Each structure stands twice: as C-alpha cells, then as structure tokens.
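The values are calculated or read from the model by the stated rules, or taken from the named source; none is laboratory data. Computed from a prediction, not measured in an experiment: that's the story for all the values here. So basically every Cβ, Gly included, is an ideal-geometry build from the backbone, and we count neighbours across all protein chains shown. All accessible areas refer to the heavy atoms of the entire protein, side chains included, with ligands and DNA or RNA removed. Shrake-Rupley method; radii C 1.70, N 1.55, O 1.52, S 1.80 Å.
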Amino acid sequence: MTSEGAFPKRRQLPKLMACMTKTSLENLRNKALFGLNVLDAKGIRRRKFPLHECIILELKEAGYTESSDYLQDLIYDNIQLVEEDDIGIVVDLRTRNDYLEHISAGLQRAEKERDRDNTKKECLELLNLALHYAEQGKGILWLAEKFFLASIAVSSQYLIDGGRQKGCCKYHYAKFLLDKFPGADPEESFVILTEVRDSAIGKTWPLYEPKDEHDVVPPDTVFQATALQLHRVLLTKARAIRKEDPGKAERLSRLAERRARDAEETGKTAEAITEIGICQLAMNNLSNALKTFERAFQIHNATNNIEGLCETRMHLAAVMQRLGDHESSANLLTEMGALAMEHGLRRQLGRALHLLGELHLRREKPELGTQHLSEAFVCFIGYEFQKQSQIKLLGTKENKSVVDGLDMLYKTKDKEIYLEESEQSRLMMAISAGQELMASYFNLLREAKHCTVAKMKTIEWKLSHAGWWIKKKSHDLLPCLCPIHNRTPLDVLRIQLEIKESLDRMRAECSEGDALLERTDTIQDLRHITSSFNQSLHLGKYIKNSILLFYFIYYSYSL
C-alpha cells in the first residue's frame, strides 16, 4: 500500500493537567495560610469585643492612662446623649470606628507632649481635635465643645507668652459658639470675647502661628479678630432689640462701630453706621438719621461697595419719604435699581422695584404701583421661573424673544429664589391691583342707580365675583334708558334679529362654500372659483372706496 493511499494520522490531543494530588492540596493550603493577615492578641481582641472597649484597654496597656480615662468618660457622656436624643441627630461614637481611631491618636499625641512638659503643644493638639470635629456636622458638636474646654483648661497653665495661647483658645471657642449655634443667646460668647480683648489691648499677638518656615498664615492679630467678632455680637443684639428699645440698640450699634474701627474693617464700620441710622429712623430722629446714612454712603462710595451703596440709597429714600419729599425718594430708589441692574444684583433690584411700587401706592397711583410690584415679583422669583412659565404657557418664537429680554434684565450668577420677598411683592401687587379697581367699582355703584347694565354688573360681582371690568356680549342685549346706552326693548329685539340674520347668512355661505369644494373635480370648476374670488376682491375694494368717500364728504360738510 502506497503512502498516497495511507490513512491520515490521528490528531494529537492537548496535554491535560494532572489531577489534584495530596501534595498539591497541601501546597495550596499552605499558600492560603501564609496569605492571611497575622493576628496578634490585640487583633484577636478587636475581633471579639467592641472597638471602643479595645481602644480603652490598649491605651491603658500602652501607659496612656489619662487618655484612656478621658476616652472612657467621652463614651459615657455620648451614651447619655444618645439616650436623651429624640430626633436621632447625635452621633454614636461606638459605631464610628474612624472617629475612635482619630480621637485615640490625638489623645496619645497630647499625652506625649504632656509627659515632655510641653504644655503649648499639648494645648495645640487638643485645639486641633476641637477644630476638626467642629466641622463634622451637628451630631458631633458636643465632642468639639469638650475638646475646646479641655484646650482652654490646658492653656490656663501656660502663661509664658503672657496669655496669648489661652486667648487664642478662648477666641476659637467663642467663634465656634457663634457659628454653630446662631439662634442661641450670644451673651456667653460676648463675655469670653470681652475678656480676650481686654487681655490683648496694646499687644500684637498673632492669631495663627506657622508650623514651619515655608508655612504662610493670615496676618490677623488676636485683638483685631476679637474686635471683629464683638462687632458681630453687638450688631446681632442691637437688631434683636431694635423694635422694643431703639435707644439701647443705637448705643450697642455705636459700640459696634468702635469695635469695627479697632479691627480696621471699613466695611464693618459702614455696616454699624447704617444700623445706627436705622435706629435713629425708628426713633423718628430724621435729621440725624439723614446725616448718618450720608456718612455710610460716603464710606461705601470710597470703597466702591455696590451692595452698600444700594442699601444706603434705600435707607435714604425711606428718610426722604418720612420727610415728605416723595420725588427725591423715588429718584433714590430709581438710582438704586439702575445700579443693581448694572451690576447684576437681583435681590437689590427687586427691593428697589418693590419699594417704588409701595411709594406709588401711598401716593394714590395704584396703576404705577401694580406695574413695579409685578416686576419686583418676577425679579425675586428668578428669571428661570419666568422663562419656563412663558414658554410653557405660550410657546412661540415671539415669546422666546420676550423671555430673552427678561433674561438679560434679571440674569445673575446665583439662581436663588427669594421666596419671602417674592411673596411680599405678590401680596402687595394684589392690594395695588385692588386699589386700582376700587375707583371704578365706586363709579359702578353710582351708575347702578340709573343704569341697568351697571346694576347687572354689580349683581354678577356680588353673586359669582364676575369682573365688572370685563366686557360681555350679554350686556349689549339689556334694555337700558341711561344716556350712555339709550336702548329700548325694541332696540334689543332689533339687535337680536340682526344677530340671527348674520348667523343665518354665515351658515348659508359656509354651506355654499362646502358645495363648491365638493365639486372641484374639473379645471372649469377651479377657474369658476378663481373668477368668483377675484370678483369678490373687486367688490370689496369698491365698497371700501365708497365708505371712505362718504366719510370725506360728511366731514367736509361738517367743517
């Protein structure tokens, strides 16, 4: 048998892996065991017990007994706060492993510095912990306060620097109370800040210290920063009691002005002066209020503070309005609106428009007041709302161009909607529109004595609140013998017959048109329709020219 007729060779199968033997299984088991994390006694304990208990024991075993006791006290206080919390806002430290590890590391560093008799660094470690947890949310603010108080206690033992470190800790604690508890009584913060300011008078203590040579820190001093926070507290207290006791509020505002000058803050000084003017206006001391607002205006003008210029113009307009100079008040509000529109300040623009609307309403010009108040509402509610509502309701190209114009007027960087101000403008707009219709309603009541149409409009308004300012066709079918309408029942009948005839004529024309459209099968029919259309056009032009000629002859004879 030749090689050509031989059978083909078999295809060689791939080599298969050997089955798992006892030795290979042992090797795999050893590799898995060596890959596992090695657990010591601490690791095993952390596997079996809660982390906070393990950390407390580890700190005690490592020799940090004070840190261990302090952490245990924190856990105990936290348990009590969690049990008393009804809304579930307090963070449970036992469930936050990251917080426990961070607190443990910080307490160890602080105790190390204490063992080295380095009181300043110990204080800074506690202060860093306090500042860190002050920014972690409302549920952990209690822990930040604990660390603030601990840092103040430690800094009281460090008096080498004359009390600077203690002043810094107290300043941060007072600022923490003001920032995180805005609705609380600021008296405690005021007392702390006053103590710090008294101790820092005449000293140039820096508020922040660089950690190394290349670290850049703000150049603020303890005295300036404390004076700035005191200005804040004093203005808050003045605004709180302004309605009940404007005299005391004025005294607090003057003290806030002095604190702002201590801090060398021009903007804060102008803010305090403005508050003094508001208190004087509340006491009806108009001449002094005018001078005070002019002082604030000059400061804002020198620093080119646009928002301050708008605000002082608004208060000056209020003073002018009290003095009876409504024209000057309107001019000031107009300047305020123009300045706000130029710099994209939507809130200030809305305020100017709102106050202009109220001014026109007081001057018994409700038609102007309604217009300004409606623009103020659009400005407060935001251009996005206006844009969506216009497109949704109308949805045409012409409307989009109108919306683009509103976008140019009211567009600002922030898209905040001022709900409270917009609601006030909406309500005042409704009042102004009502005042605008009030005069016409009184005229309607007078006309109702001898006019049947006016009487019917009054009845419709009282029964179904149908607007009397809306013209209805049904009113043309009422017989009325007043000089305005002069319609007898026969005239009403004649009008009804004319309306019926016109309706019948329209129905007939529609039926003829339908008949013509039904037989447009041939070219002759289409030509007939075209010629009829041209004849009607010529007839319309002839009638129009005849009417114009009639009016020309009539007026010529009358002259």
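Annotations for the structure displayed:
- Taking the stretch 187-205 as the range and being without any contact (Cβ under 8 Å) to a residue 24 or more places away in the chain and within 16 Å of Ala263 (Cα to Cα) as the test, the residues that pass are Asp198, Ile201, Gly202, Thr204.
- Residue match in the stretch 187-194 (condition: under 23 Å from Ala150 (Cα atoms) and open to solvent by 70 Å² or more (accessible area, probe 1.4 Å)): yes
- Only one of Asn305, Asn301, Asn288 that is in contact (Cβ under 8 Å) with a residue 12 or more places away in the chain and either open to solvent by less than 40 Å² (accessible area, probe 1.4 Å) or not small (Gly, Ala, Ser) (or both): Asn305
Okay, residues lined up against (1) in contact with a helix residue (DSSP H, G or I) (Cβ under 9 Å, 6 or more places away or on another chain); (2) under 24 Å from Asp220 (Cα atoms):
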residue	(1), (2)
Ala240	yes, no
Asp245	no, no
Leu252	yes, no
Leu255	yes, yes
Lys268	yes, yes
Glu271	yes, yes
Asn284	yes, no
Thr312	yes, no
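- Just one residue in the set Ala227, Ala130, Ala184 is small (Gly, Ala, Ser) and in contact with an Asp or Glu (Cβ under 6 Å, 6 or more places away or on another chain); that residue is Ala227.
- Selection from the stretch 308-329 of residues that are open to solvent by less than 50 Å² (accessible area, probe 1.4 Å) and either within 24 Å of Arg261 (Cα to Cα) or among the basic types (Lys, Arg) (or both): Gly308, Leu309, Cys310, Thr312, Arg313, His315, Leu316
- The combined condition, being open to solvent by less than 30 Å² (accessible area, probe 1.4 Å) and at positive phi, is fulfilled by Gly163.
- Residue list for the stretch 343-380, restricted to those being acidic (Asp, Glu) and open to solvent by less than 60 Å² (accessible area, probe 1.4 Å): Glu358
- Verdict on Glu264 being surrounded by fewer than 14 Cβ atoms within 10 Å (Cβ to Cβ) and free of Cβ contacts under 8 Å to residues at least 40 places away in the same chain: no
- Qualifying positions in the stretch 473-497 - part of a helix (DSSP H, G or I) and more than 60 Å from the chain's Cα centre (by Cα): Pro489, Leu490, Asp491, Leu493, Arg494, Leu497
- Of all the criteria given as (1) at pLDDT 90 or above; (2) under 30 Å from Arg116 (Cα atoms); (3) open to solvent by 70 Å² or more (accessible area, probe 1.4 Å), the one not satisfied by Lys42 is (1).
- The condition of being over 17 Å from His132 (Cα atoms) and modelled with pLDDT of 90 or more holds for only one of Ile103, Ile75, that being Ile75.
- Selection of the stretch 195-211 for residues being among the hydroxyl-bearing types (Ser, Thr, Tyr) and open to solvent by 70 Å² or more (accessible area, probe 1.4 Å) yields Thr204, Tyr208.
- Residue in the stretch 401-421 that is at pLDDT 80 or above and surrounded by fewer than 17 Cβ atoms within 10 Å (Cβ to Cβ) present: yes
- All of (1) basic (Lys, Arg); (2) loosely packed, with under 10 Cβ neighbours inside 10 Å; (3) modelled with pLDDT of 75 or more hold for Arg10 with one exception: (3).
- Qualifying residues in the stretch 437-464 (those that are assigned to a loop (DSSP other than H, G, I, E, B) and modelled with pLDDT under 85) - the one surrounded by the most Cβ atoms within 10 Å (Cβ to Cβ): Ala448
- Condition check for Ala153: crowded, with 19+ Cβ neighbours inside 10 Å and not in a loop (DSSP other than H, G, I, E, B): no
- Looking across the stretch 97-121, the residues that are open to solvent by 50 Å² or more (accessible area, probe 1.4 Å), farther than 22 Å from Arg46 by Cβ, basic (Lys, Arg) and assigned to a helix (DSSP H, G or I) come down to Lys112, Arg114, Lys121.
- Tabulated pairs, the stretch 463-486, first over 15 Å from Glu447 (Cβ atoms) and touching a residue at least 24 places away in the same chain (Cβ under 8 Å), second open to solvent by less than 100 Å² (accessible area, probe 1.4 Å) and assigned to a loop (DSSP other than H, G, I, E, B), C-beta under 7 angstrom, 6+ apart or interchain: Pro479/Thr488
- Exactly one residue out of Gly434, Gly467 is on the phi < 0 side of the Ramachandran plot, part of a loop (DSSP other than H, G, I, E, B) and at pLDDT 70 or above: that is Gly467.
- Of all residues in the stretch 26-34, none satisfies being farther than 18 Å from Lys146 by Cα, touching a residue at least 12 places away in the same chain (Cβ under 8 Å) and either crowded, with 16+ Cβ neighbours inside 10 Å or not small (Gly, Ala, Ser) (or both).
- Positions within the stretch 330-342 being open to solvent by 40 Å² or more (accessible area, probe 1.4 Å) and not aliphatic (A, V, I, L, M), in sequence order: Asn331, Thr334, Glu335, Glu342
- All positions within the stretch 129-149 that are within 18 Å of Glu66 (Cβ to Cβ) and surrounded by fewer than 21 Cβ atoms within 10 Å (Cβ to Cβ): Lys146, Leu149
- Note on the stretch 212-237: residues that are within 29 Å of the chain's Cα centre (by Cα) and open to solvent by less than 30 Å² (accessible area, probe 1.4 Å) amount to 7.
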